[in-house]
Amino acid sequence: MATRKPASPAFDAKPAATTPFVFVRNETARAGVPLTATFTRWIEAALRGAGRRKRAEVNILVTDGERGRAYNHQYRQRDYATNVLSFPYEPMPHEKTALIGDLVICAPVVAMEAIAQGKRSRDHWAHMTVHGVLHLVGHDHIDDADAERMEALERRILAGLGIADPYQSAE
């Protein structure tokens, strides 16, 4: 089981611009889905870590495996449920909005991955939320250099939340 690290005082000391507005729709009856306030804290940390200081809104859909698979097939042409899908919002010219996009998080995939990787479920939910938000603000992992930068940023943000390195295998 991965161990928790103490929060980084230097990271936590940075003031947030504003608390993001987060709307969560949970389509599952699954226990263990984080509360909106918890998602908000993780999203705020991700935005702060990515250097975003503007107001932000994020919609989160928590879904089951069947719907997660359907979304992944429809939008990525992959016929399996995945942990998180990110849909950045692109405003129309001159549109004033704080919406940065939508996340679709597949609850059973997150739960199974946490068990398989020996992580606390809550820590893996945090990681998937941070990962998804970084995609919403333009980060990606298509090539190795981008992946290294994104993973380093995820590690730093999660360490600030007291969560161990998600890429270090449990031994």
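The values are calculated or read from the model by the stated rules, or taken from the named source; none is laboratory data. In this text the structure is predicted, and so the values were computed from the model without any measurement. Positions of Cβ are generated from backbone atoms using ideal geometry, with glycine treated the same way; all protein chains shown enter the neighbour counts.
Can you tell me which residues in segment 130-171 are under 15 Å from Pro88 (Cβ atoms) and assigned to a helix (DSSP H, G or I)?
Within segment 130-171, His131, Gly132, Val133, Leu134, His135, Leu136, Met150 qualify.
Regarding segment 55-70, can at least one residue be identified that is at pLDDT below 95, exposed (fewer than 13 other Cβ atoms within 10 Å of the Cβ) and not in a strand (DSSP E or B)?
Checked segment 55-70: no residue is at pLDDT below 95, exposed (fewer than 13 other Cβ atoms within 10 Å of the Cβ) and not in a strand (DSSP E or B).
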